[in-house]
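Remarks on the structure that follows.
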Amino acid sequence: EKGTYPHYMLKEIDEQPFVTRRIIQKYQDEHGGLTIDQAIINEVLNADRLYIVACGTSYHAGLVGKQLIESWAKIPVEVHIASEFSYNMPLLSEKPLFLFISQSGETADSRAVLVQTNKLGHKAITITNVPGSTLSREADYTLLLHAGPEIAVASTKAYTAQIAVLAILAATAAKAKGLELDFDLTKELAIVANVMEMLCDAKEEMENIARDYLTLTRNCFFIGRAVDYYVCLEGALKLKEISYIQAEGFAGGELKHGTIALIEDGTPVIALATQEHVNLSIRGNVKEVVARGANPCVISMRGLEGDGDRFVIPAVHPDLTSLVSVVPLQLIAYYAALHRGCDVDKPRNLAKSVTVE
Ligand code: M6R
């Protein structure tokens with residue numbers, strides 16, 4: 001039920017702090033740490049490479065998951081779009097382990113890959129919000145998102161729940177390999193939940209950004225580097241699917257290889273700057289587009305902010321920024337769609353779960 005909310009999407013965005021806290025509870029061990037089933041961790045340790053397979057927003061969460069698993073647990077990960085993997089299967093490693101990410105657990109493109117990998121005799125884990133779903137039943141193991149039903153076609157709380165669960169998986173695998181992290185994930189995720197709450201309270205600022213930048217535009221670019229690039233892909237998908245504004249996410253450094261030709265007077269460019277090691281370079285990219293007339297909207301992280309930034313996100317652990325930086329982008333997409341008179345919860349041409357290949 002959407003209660004007093006005008007749309008499911010807004011309700012589901014607001015539920016993210018609560019869902020993050022519920023995930024902390026559900027994955028807690030007896031010592032207050034976070035953990036994943038030993039049988040699943042054994043499979044992860046036994047594999048020489050993980051293959052993440054997903055579509056849409058779940059694919060974007062997979063990109064962030066790859067970074068967490070590789071940097072914390074030092075296990076190589078590939079991320080694949082399910083519909084491509086089916087017809088263009090990459091050369092697999094000797095001991096692959098498959099990780100299917102699907103909010104609904106019913107996506108036909110992902111299931112088609114699972115049918116193939118099952119035939120090949122490879123083990124699979126499904127990360128899903130729906131217990132008993134097809135992908136959950138047909139995989140060897142399931143990790144649940146505990147996000148509660150997601151009704152709006154545009155996925156929001158499932159994305160952050162997927163990243164939180166992938167973070168717990170990465171941290172548990174790291175620990176099992178004797179690679180102790182130098183921070184307490186439980187504590188850092190609790191901080192994330194608090195910051196999400198503050199961002200959900202910043203609706204007016206996000207509505208103003210949507211009004212100032214997106215009311216009349218035909219297109220919009222999102223730029224970022226490192227993990228911010230992955231979040232930009234997700235921000236662009238949110239905006240295009242519900243507001244019908246043509247939106248693209250780009251790696252900052254890639255602009256000059258072609259896309260910068262599209263920048264005209266007034267083109268909105270939303271830039272994320274949450275990563276210290278690329279802060280200077282992304283700000284350089286903002287200058288490049290401004291020199292071509294772009295209307296920049298920089299969203300940065302506290303401690304990395306610069307003059308003229310439109311919004312500053314309270315600081316979280318640098319590896320967990322995707323969990324919070326996506327929230328302003330979800331809200332901006334929501335208000336852009338609202339102002340343009342679009343049907344936020346049921347955008348044209350789209351279905352909540354895509355059960356055809
Ligand atoms: O249920 P799934 O996670 O497998 O769905 C995958 C995509 O269809 C889904 O994320 C889609 O991209 C959303 N509409 C994005 O908001």
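Label-to-label distance, residue 277 versus residue 353, with points set 7 angstrom from Cα along the beta-carbon direction: 3.8 nm. Both radii were evaluated on the Cα set of the stretch 1-52; the Rg over Rh quotient, with Rh as the Kirkwood radius, amounts to 1.20. Peptide packing: for 142-153, 330-341, 198-209, the average count of neighbouring Cβ atoms within 10 Å per residue gives the ranking 330-341, 142-153, 198-209, highest mean first.
In units of the rule-of-thumb radius 2.2 N^0.38 Å, the stretch 128-211 shows an alpha carbon radius of gyration of 1.38. Loop-located trypsin sites (Lys or Arg not before Pro) across the stretch 262-336 with a Cβ neighbour count of 16 or fewer within 10 Å are 292, 302, with loop assigned by DSSP.
Annotation: the stretch 280-341 has a Kirkwood hydrodynamic radius of 13.2 angstrom, from the mean reciprocal C-alpha pair distance.
Label separation (residue 5 vs residue 74): 4.2 nm, computed from points 7 Å beyond Cα along the C-beta direction. Ranking of 229, 51, 244 by neighbouring Cβ atoms within 10 Å, starting from the fewest: 244, 229, 51. Legend: translational diffusion of the stretch 224-284 by Stokes-Einstein, Rh = Kirkwood radius over C-alpha pairs, 20 °C, 1.002 mPa s; D = 177 µm²/s. For the chain, taking the reciprocal of the average inverse distance between every pair of different Cα atoms yields a Kirkwood hydrodynamic radius of 20.5 Å. The alpha carbon convex hull volume per residue for the stretch 105-161 rounds to 77 Å³. Each 10 Å bin, from zero up to the one with the longest distance, holds this percent of the alpha carbon pairs of the stretch 226-357: 12, 41, 34, 13, 1. Applying the criteria of a DSSP loop state and at most 15 other Cβ atoms within 10 Å to the GluC sites (Glu not before Pro) of the stretch 1-102 yields 1, 30, 94. Dipole of the chain computed with +1 at Lys/Arg Cβ and -1 at Asp/Glu Cβ about the Cα centre; of 159, 8, 92, farthest Cα towards the positive end is 92.
Ranked by how many other Cβ atoms sit within 10 Å of their own Cβ, fewest first, the residues 120, 320 fall in the order 120, 320. Here the dipole of the chain is about 460 debye; that uses its Cα centre as origin and unit charges on the Cβ of Lys and Arg (positive) and Asp and Glu (negative). Between residue 183 and residue 205, residue separation times 0.36 nm minus the direct Cα-Cα distance comes to 4.7 nm. Computed over the stretch 1-150, the alpha-carbon pair-distance distribution with 5 angstrom bins reads 2, 9, 17, 22, 21, 14, 8, 5, 2, 1, 0, each value a whole percent.
Summary of the geometry: the stretch 11-36 and the stretch 117-137, compared by the centres of their Cα atoms, lie 22 Å apart. Remark: the stretch 186-304 is approximated by an ellipsoid whose semi-axes, taken from the C-alpha gyration tensor as √(5λ), come to 24, 18, 13 Å, largest first. The helix-only estimate of mean residue ellipticity at 222 nm for the chain, built from DSSP H runs of length n ≥ 4 each weighted as -39500 (n - 2.57), is -14000 deg cm²/dmol after division by the residue total. Neighbour counts of other Cβ atoms within 10 Å put 29, 309, 182, 37 in the fewest-to-most order 182, 29, 37, 309. Close Lys pairs in the stretch 56-185 (alpha-carbon distance under 16 Å; sequence gap of 8 or more, or different chains): 6.
Since every read-out is calculated from the coordinates, none of them should be taken as a lab result. Predicted, not measured: the structure shown is a model, and the values here were computed from it. Note: ideal-geometry Cβ built from the backbone for every residue, glycine included; neighbour counts use all protein chains shown.
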